[in-house]
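The values are calculated or read from the model by the stated rules, or taken from the named source; none is laboratory data. The shown structure was predicted, so the numbers you read here are calculated from the model rather than taken from an experiment. Cβ: placed from backbone, ideal geometry, glycine included. Neighbour counts: every protein chain shown.
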Amino acid sequence: MNKVEVRNLTKSFGDLLVLDDVSFDVKDGEFLAIVGPTGCGKTTFLNSLTQIYDIDSGSILLNGEPVNLKKHSLAYIMQEYSTMSWLNVRQNVQFGLEIKGFSRKEVREKAERALELVGLTQFRDYYPNQLSASMLQRVAIARAFAVQPDLLLMDEPYGQLDLELRFKLEDELLNLWRKLGTTVIFITHNIEEAVYLSERILVLSNKPTAIKETIENRLPYPRSVTSEAFVELRNRVTALIKWW
């Protein structure tokens, strides 16, 4: 069953054609990574899916219906830290649940479960300015998973972190994804990250952006970045990403 169906998606800004007749599906529970040259339109696609941008033509369906943010539950984690400085960790995680109208009991229970999943229970009363970079992203991840989204969108969420922190959070994300079965679309410019995380990789061309190739990633979890198969797949994807 497909969770997301994108058909003939076209988006331009004035005379600049960014997305050119793009079509693909995302299976229910799948972890899809999207890679491509810098500035090719990866974020534009996510902003079109969430209706931040109006599209020129085509359609984006979620659960077989046009995306409706009043009906469908989407969570969006960006590269920039999105915690609210005036709320503590627990309040940040509860925010989306409260917006969606859950009861007080459900808000507390779901938030506590999310905090436990990302290892932040003992920091529930801390404020963002008291947290490290990795903890700030854990708060954003907990807030996203707390609402049990139909679809989790991630736009280079670990781009500002050092290598050690990035690997740690990637492993935590994989553990959450396997436990909860959430469908994930993960945007990244880091080819190694895409190969490490995903079940399938969508390689985009330079603008006007089209799908250059779709690659099934059948490497078993957990993955070793030094294995021969991993390096071979990473090199294959890297060779596809060019400015021409």
**OP:** May I ask you to say which residue of T43, T10 is within 30 Å of L219 (Cβ to Cβ) and among the polar types (S, T, N, Q)?
**Re:** T43
Original post:
If we keep just the residues of the stretch 187-198 that are surrounded by 18 or more Cβ atoms within 10 Å (Cβ to Cβ) and part of a loop (DSSP other than H, G, I, E, B), which is modelled with the highest pLDDT?
Top reply: S198
**OP:** Might you let me know whether the stretch 160-168 holds any residue that is of a type outside the set (V, I, T) and either within 25 Å of K70 (Cβ to Cβ) or under 14 Å from the mean Cα position of the chain (by Cα) (or both)?
**Re:** no
**OP:** Taking only the stretch 147-172 into account, find how many residues are modelled with pLDDT under 90 and surrounded by 23 or more Cβ atoms within 10 Å (Cβ to Cβ).
**Re:** 2
Original post:
How many of the residues making up the stretch 90-121 are part of a loop (DSSP other than H, G, I, E, B) and either more than 16 Å from Q137 (Cα to Cα) or among the basic types (K, R) (or both)?
Top reply: 4
Original post:
Scanning the stretch 57-70 for residues that are out of contact with any His (no Cβ under 9 Å at 6 or more places or on another chain) and surrounded by 14 or more Cβ atoms within 10 Å (Cβ to Cβ), which turns out modelled with the lowest pLDDT?
Top reply: V67
Original post:
assigned to a strand (DSSP E or B) and under 16 Å from the mean Cα position of the chain (by Cα): does that describe I34?
Top reply: yes
Original post:
How many residues are exposed (fewer than 14 other Cβ atoms within 10 Å of the Cβ), polar (S, T, N, Q) and within 21 Å of R166 (Cβ to Cβ) if we restrict to the stretch 105-146?
Top reply: 1
Original post:
Any idea which of E30, E5 is in contact (Cβ under 8 Å) with a residue 24 or more places away in the chain, crowded, with 17+ Cβ neighbours inside 10 Å, within 21 Å of L151 (Cβ to Cβ) and of a type in the set (D, E)?
Top reply: E30
Original post:
Just one of the numbered conditions (1) small (G, A, S); (2) surrounded by fewer than 18 Cβ atoms within 10 Å (Cβ to Cβ); (3) in contact (Cβ under 8 Å) with a residue 40 or more places away in the chain is not true of G96; which one?
Top reply: (2)
**OP:** Go through the stretch 225-244 and count every residue that is more than 22 Å from the chain's Cα centre (by Cα) and not in a helix (DSSP H, G or I).
**Re:** 5
Original post:
Which of the residues that make up the stretch 71-90 are buried (at least 17 other Cβ atoms within 10 Å of the Cβ) and at pLDDT 95 or above?
Top reply: N88, V89, R90
Original post:
Name the pairs: first residue in the stretch 68-90 and touching a residue at least 12 places away in the same chain (Cβ under 8 Å) and among the basic types (K, R), second residue outside any loop (DSSP other than H, G, I, E, B) and surrounded by fewer than 17 Cβ atoms within 10 Å (Cβ to Cβ), Cβ to Cβ under 7 Å, at least 6 apart or on different chains?
Top reply: none
